Amino acid sequence: MKNLDENENRKNEDGLTPNLQANPFSIPKDYFQTLKKEILFNTQLTKLSESTFSTSSDYQAQLTNDILAKVSEEKLKSSVPEDGFAVPDGYFEKLQNEIFKQTVNQPRIVPLKKTKTSWIFYTAAACLALAVSLFAFFSLNTSTNNTVANEHMNIDILPTEEIINYLAFYSETGDLITLSDQLSENSVNFTDSFSSDEIEAYLENSI
Amino acid sequence: MEDALILEKFADSRTRDEAFGILLEKYQQKIYWHVRRFVLDHDDANDLVQDIFIKVWKNLDKFRADAQLYTWIYRIATNECITFLNRKKQNLSISLDDENSGFLAESLTESAYFNGDQAQLKLQQALLTLPDKQRLVFNMKYFDDLKYDEISSILGTSVGALKASYHLAVKKIERFLSDTD
């Protein structure tokens, strides 16, 4: 007994008796493996909750407006649950029949024979169109030349007085240009034939 | 029946009529009420709904399925309604700059097919003070319970603008109802 007491009382370098160094605490089985998993899981959760969700800058204001509108809507619906409109009895059945009458039950035009159009048909049609347009082009040109010749002849017959009156009434630049092209070289120096008053009067009337 | 199946049946000439019948069954009441709440008069709504579904019948084979079928039908219905009201305004020598359709209030009280009580009448009168487009937005959200995305597809207006329009409409109606109490 005395030796045991002596051993227990012998202190180590730290000043502690050896039996006080022993860890009195115990832990569940595989605790540290479980602890590691839990810590890793919690850190992942924390990362997720911090990062991904964002909203627009005016979201909160918009949300407030939405909620207030919804509240007003609910108040309105509770005081006026229906709109008050009614329909005649059996209306929707009649409506369906009316619509069918104008759509599904309309007589449909069905072609009796399906004709296969061949390339020969298109070629023939193209040739015909070309022939017609060529004929029209040449006949139009001929008639235009004849018309111009007729016009020249008609103008020659007209008295000068009438031509002057026409020009005075319908003063268009196009006419003047055409006329000036038709005038002979001798008539270029015609300014001497007109007095300044006549020229002034003409300009006043035509501009 | 799913819209995709209706379209498939409609594309086949053998089942086209059947498909159209199913489509009518599915949408005619929704479209009728959408139109009726906008033009108010039953006879006008009746004519419009028939025109709308005739247009659907004629153009469904051209429908590209880049939008939902019902938003396409709603869009046709909405355009027909707006055209109808504009025509009515012109016939009554009302300027098209007048954005609302207050002139319809008379037809409400005279109509044989309005059984609403005082509160319901007041709500309709309040709605007629709104610009037509705003009234449409209100009707689609409040009565038809459409989502903002759906209304946006129908009217071609952004969701933000629709929300603002709806909030404003609700406030105006509340003010009208409290002022006339």
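Read-outs throughout are calculated quantities, based only on the coordinates presented, and are distinct from any laboratory measurement. Quick caveat: nothing in here was measured; it's all calculated off a predicted structure. Please note: Cβ atoms are built from the backbone with ideal geometry, for glycine as well, and neighbour counts cover all protein chains shown.
If you place +1 on the Cβ of every Lys and Arg, -1 on the Cβ of every Asp and Glu, and leave all else neutral, what size is the dipole of segment B:1-82 about its Cα centre, to the nearest 20 Debye?
The calculation lands at about 180 debye.
Which of the peptides A:38-47, B:159-168, B:34-43 is most tightly packed, and how do the rest follow, going by the mean number of other Cβ atoms within 10 Å of each residue?
B:34-43, B:159-168, A:38-47
Quick one: go through segment A:69-83 and flag any residue whose amide nitrogen is under 17 Å from the point 7 Å out along the Cα-to-Cβ line of B:ASP117.
It comes to A:75-83, nothing else.
Can you give the average number of partner chain beta-carbon atoms within 10 Å of each beta-carbon in peptide A:81-93, as a whole number?
Mean inter-chain Cβ contacts per residue within 10 Å come to 6.
Note the angle between two axes, namely the Cα long axis of helix B:159-179 and the longest principal axis of the Cα atoms of chain B, as a number of degrees from 0 to 90, rounded to the nearest 10.
40 degrees
Within a 10 angstrom radius of each residue's Cβ in B:140-151, how many Cβ atoms of other chains show up on average? Whole number is fine.
1
On average, how many beta carbons from a partner chain sit within 10 Å of the beta carbon of a residue in A:65-77?
Per-residue shielding by partner chains comes out at 4.
Test of understanding: ordering A:ILE120, B:ILE52 by Cβ neighbours within 10 Å, fewest first, what list do you get?
A:ILE120, B:ILE52
Could you calculate the FRET efficiency of B:LEU7 with B:ARG87 from 1/(1 + (r/R0)^6), where r is the beta carbon distance between them and R0 is 25 Å, rounded to 0.05?
0.20
Just to confirm my numbers, what's the Cα centroid distance between segment B:6-24 and segment B:25-64 in Å?
Using only Cα atoms, the two centres lie 17 Å from each other.
Using Cα pairs closer than 8 Å and at least 6 residues apart in sequence, work out the relative contact order for chain B, in percent. Each step should come with its number before you reach the end.
Working: 138 pairs, mean separation 35.3, N = 181.
After rounding, I find 19 percent.
In nm, give the distance between the simple-model label positions of B:GLU25 and A:SER56, each being 7 Å from the Cα along the Cα-to-Cβ direction.
So the label points at B:GLU25 and A:SER56 sit 4.2 nm apart.
Can you work out the PRE-style zone for B:LYS133? Point 7 Å along Cα to Cβ, and I want the residues of segment B:148-173 with backbone N under 14 Å.
B:152-166
I'd like to compare A:55-67, B:124-136: which one has the highest average count of other Cβ atoms within 10 Å, and what's the full order after that?
The most tightly packed comes first, giving B:124-136, A:55-67.
With θ set to phi - 60° and the Karplus curve 6.51 cos²θ - 1.76 cosθ + 1.60, what are the ³J(HN,Hα) couplings of segment B:129-142 in order, to the nearest whole Hz, using x for Gly and Pro?
Those phi angles translate into 7, 7, x, 3, 5, 5, 5, 4, 4, 4, 4, 5, 7, 7 Hz.
Using a Förster distance of 22 Å, how high is the FRET efficiency between B:ALA67 and B:ASP47, based on the Cβ-Cβ distance and rounded to 0.05?
Result of the calculation: an efficiency of 0.30.
Starting from the Cα of A:VAL104, step 7 Å along the direction of its Cβ; do the same at B:LYS147; then give the gap between the two resulting points in nm.
In this crude spin-label approximation the distance works out to 3.1 nm.
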